[in-house]
Ligand SMILES: NC(=O)c1ccc[n+]([C@@H]2O[C@H](COP(=O)([O-])OP(=O)(O)OC[C@H]3O[C@@H](n4cnc5c(N)ncnc54)[C@H](O)[C@@H]3O)[C@@H](O)[C@H]2O)c1
């Protein structure tokens with residue numbers, strides 16, 4: 001494990017949780033006391049303040065990168081040198097160029113690479129994706145994802161140089177991959193329109209952003225992200241298809257409501273702002289946030305010699321979409337997504353879903369009126385005239 005901070009500990013809780021046979025055998029942390037404390041807390045035999053020493057440790061089969069964004073690339077290159085399988089937390093790079101270099105390095109070294117995007121592994125997301133893939137929603141038209149909270153917990157996130165951006169990179173990477181997964185990862189993202197601003201925090205980067213991502217097949221992805229939201233961690237997705245809808249609420253108001261005066265109150269859930277009054281705890285945070293399914297996929301894949309659901313290539317595509325979002329926020333125009341490497345479908349045409357009613361008409365809509373009759377709205381195929389018919 002590289003990094004003993006917030007996500008390193010969440011990952012460790014998941015990796016060594018329940019009856020897991022997976023074990024953290026070496027921890028690298030910048031400061032000796034954090035490395036020692038982590039080693040103690042997770043019963044880990046080896047700790048070090050030298051990153052390469054941790055990676056090269058003979059018992060290490062796989063490296064998990066839980067370091068600040070500006071340190072991902074150096075850690076990945078060290079794994080390539082040692083020819084060790086690697087998993088890297090999100091965002092893969094601070095921009096697509098950095099992400100592409102990392103992707104090319106692991107592929108050249110021929111090592112396993114997994115992109116740790118937990119929010120496409122939550123139980124609700126996996127079930128929703130299964131329904132989408134089975135066609136329950138028909139053709140996917142719009143996929144929206146929202147992640148907002150009152151802001152991150154460490155200094156480096158707020159420094160544009162170390163983090164690579166503000167809330168749009170930090171949280172948008174989750175939202176973009178959620179929408180992209182629902183729309184289809186082989187469908188090319190083509191253009192982005194984005195608003196981003198610094199509304200509240202005294203920082204150089206954006207603390208609030210909303211963006212639209214256009215896909216080649218005509219579907220639209222939407223992200224809403226903020227570091228200025230009050231009230232906890234809001235994680236919600238909406239998917240709209242020609243045959244159905246899915247709404248997911250992953251964190252607040254999930255059916256577990258609790259009131260307390262605050263007596264005896266402790267940790268409630270990630271980024272909860274209060275521990276008194278009405279609260280929305282989360283039953284099993286590690287599972288609800290996708291960490292368990294994510295690591296199961298990573299280890300199953302490495303053992304089977306296959307690629308996991310999320311690879312460095314996915315991290316690179318996400319970075320490319322967000323780079324276009326940053327350009328759009330500056331130019332106030334739709335900006336093209338630049339993908340020098342693209343492995344999905346090319347030239348997908350936008351389909352028009354016209355439903356034929358009979359030889360003369362298309363069906364626009366069919367409904368039951370409040371007075372119990374069936375009503376049809378039809379369009380004449382030749383003249384274009386729109387009529388209604390009560391049966
Ligand atoms: N849901 C998620 O997937 C999720 C959630 C939070 C963070 N993250 C990602 O995890 C990474 C780490 O974030 P975090 O929240 O754990 O941050 P953190 O600040 O809590 O921990 C970062 C770790 O890196 C170490 N570190 C900081 N500066 C260093 C330096 N210059 N050299 C060596 N080590 C240094 C810190 O000591 C600490 O151990 C980031 O890339 C972040 O985007 C992912």
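Once you treat every alpha carbon in the stretch 141-269 as an equal point and sum by Debye, what is log10 I(q)/I(0) at q = 0.10, 0.21 Å⁻¹?
Each listed q corresponds, in turn, to -0.38, -1.18.
Taking every Cα atom in the chain, find the radius of gyration and the maximum pairwise distance Dmax, and write them in Å.
Radius of gyration, then largest Cα-Cα span, for the chain: 23.4, 79 Å.
Among the DSSP beta bridges whose two residues both lie in the chain, what percent are antiparallel, rounded to the nearest 5?
70
Given the -39500 (n - 2.57) contribution per DSSP H run of 4+ residues, what per-residue ellipticity at 222 nm results for the chain, rounded to the nearest 500 deg cm²/dmol?
Result for the chain: -9000 deg cm²/dmol, rounded to the nearest 500.
Pick out which of 101, 31, 180 has the largest mean-square fluctuation in a Gaussian network model of the chain, springs linking Cα atoms closer than 10 Å.
Sorting by GNM fluctuation, first place goes to 31.
Rounded, prolate or oblate: pick one for the stretch 182-253, where a ≥ b ≥ c are the square roots of the eigenvalues of its C-alpha gyration tensor, a/c under 1.5 means rounded, and failing that, prolate if a/b is larger than b/c, else oblate.
Note, shape of the stretch 182-253 comes out oblate.
Ranking 27, 377 by Cβ neighbours within 10 Å, fewest first, what do you get?
Listing 27, 377 from fewest to most nearby Cβ atoms yields 377, 27.
Angle between the Cα long axis of helix 96-109 and the longest principal axis of the chain, 0 to 90 degrees, nearest 10?
Relative to the chain, helix 96-109 is tipped by roughly 60 degrees.
Starting from the 7 Å offset along Cα-to-Cβ, what nm value, one decimal, do you get for the label separation of residue 338 and residue 376?
Between residue 338 and residue 376, the label points sit 5.3 nm apart.
Test of understanding: in a Gaussian network model of the chain with alpha carbons linked when under 10 Å, which of 354, 248, 67 would top the mean-square fluctuation ranking?
354
For the chain, modelled as a GNM with alpha-carbon contacts under 10 angstrom, which of 356, 373, 331 fluctuates the most?
373
Neighbour counts of other C-beta atoms within 10 Å: give me 245, 49 arranged from fewest to most. If you can, show how the numbers build up before the last one.
Working: 245 11, 49 15.
Least crowded to most crowded, the residues run 245, 49.
Between the stretch 205-229 and the stretch 93-108, how many Å separate their Cα centres?
Here the two parts' Cα centres lie 23 Å apart.
Is the stretch 1-125 best put as rounded, prolate or oblate by its Cα gyration tensor, with a ≥ b ≥ c the root eigenvalues, rounded for a/c under 1.5, and otherwise prolate when a/b is larger than b/c, oblate when not?
Cα axes put the stretch 1-125 in the oblate bin.
Fully extended, how many nm does the chain gain between residue 273 and residue 50 (0.36 nm per residue separation, minus their Cα-Cα distance)?
Gain on extension, residue 273 to residue 50, equals 76.7 nm.
Starting from the alpha-carbon convex hull of the stretch 63-187, give the projected area averaged over all orientations, in nm².
If I average the Cα hull's projected area over directions, I get 8.7 nm².
At residue 22 and residue 249, where each label point lies 7 Å from the Cα along Cα→Cβ, what is the point-to-point distance in nanometres?
Placing both labels 7 Å beyond Cα along the Cβ direction yields 3.1 nm.
Give, in nm to one decimal, the length gained when the segment between residue 126 and residue 266 is fully stretched (0.36 nm per residue of separation minus the Cα-Cα distance).
Details: separation 140, 0.36 × 140 = 50.40 nm, distance 3.04 nm.
Taking 0.36 nm per residue and subtracting the Cα distance, the gain is 47.4 nm.
If you line up the long axis of helix 32-41 against the longest principal axis of the chain, both from Cα atoms, how many degrees apart are they, to the nearest 10?
So the helix axis and the longest Cα principal axis differ by about 70 degrees.
For the Cα atoms of the chain, what angle does the longest principal axis make with the long axis of helix 72-82, in degrees from 0 to 90, nearest 10?
On a 0 to 90 degree scale, this one is about 60.
Any read-out appearing in this document is the output of simple, stated calculations on the displayed coordinates, not a laboratory observation. As the structure is a prediction and not an experimental result, all values here were calculated from the model. Quick reminder, even Gly has a Cβ in these numbers, built from the backbone with ideal geometry, and neighbours come from all protein chains shown.
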